[in-house]
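These notes are about the structure you will find just below.
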Amino acid sequence: MTEVRFYHLTRKRLEEALPELLEKCLERGWRAVVMAGSEERVEALAQHLWTWRERSFLPHGTARDGEAEHQPVWLTAADEAPNGATVLFLTDGAESRDLERYQLVCTLFDGKDETAVTAARGHWRTWKEAGHSLTYYQQTPTGGWERKA
């Protein structure tokens, strides 16, 4: 079954936490898909990844860029993995019907958004019943991650 990690954002915003997690994926040689809640959000995240850190380059692409097979990180609002990703990042409440396509699924949710917290709890129950391996991480006061469950 797929390994699923829940990342509970309590200190940093998604725009700060996501690039750091994507960098870790790329360091390991993994390809990733980031599924966002809308095409507008995809474009905003794509623009942000170009400038999120002054001395860092995070290679990524969207449908607007094309050539998905050459993109180590693919941003989309669709349930797709055209770059052959083995890691899926779910943001903004996006949902995939095909978790088994991936080795690792990371769902990031805002701890200040009660709707997002409730949805994450529901996913925990559903995915646990489906037999996936689940881990829950919460941000520390310094913005790092601490495994809680």
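Run the numbers for ALA44 and ARG13: contour at 0.36 nm per residue of separation, minus the present Cα-Cα distance, in nm.
Working: separation 31, 0.36 × 31 = 11.16 nm, distance 1.39 nm.
Length gained, ALA44 through ARG13: 9.8 nm.
Between ARG53 and GLU95, what is the label-point separation in nm under the 7 Å Cα-to-beta-carbon projection?
3.4
So which aspartates and glutamates pass the test for LYS112, namely a Cα distance under 14 Å, with those fewer than 8 places away in the same chain ruled out?
ASP92
Taking Rg and Dmax of the Cα atoms in Å straight from the coordinates, which label in (1) 19.2, 63; (2) 14.4, 43; (3) 16.4, 52 is the correct one?
(2)
Hey, quick one: spin label on THR142, modelled 7 Å out along Cα-Cβ, who in the range 1-19 has an amide N within reach, i.e. under 16 Å?
Residues 11-12 qualify, since their backbone N sits under 16 Å from the label point.
Where a number appears in this text, it was derived from the coordinates with a stated rule and is not lab data. Everything quoted here is computed from the prediction, not taken from an experiment. No Cβ is skipped: glycine too gets one built from the backbone with ideal geometry, and neighbour counts run over all protein chains shown.
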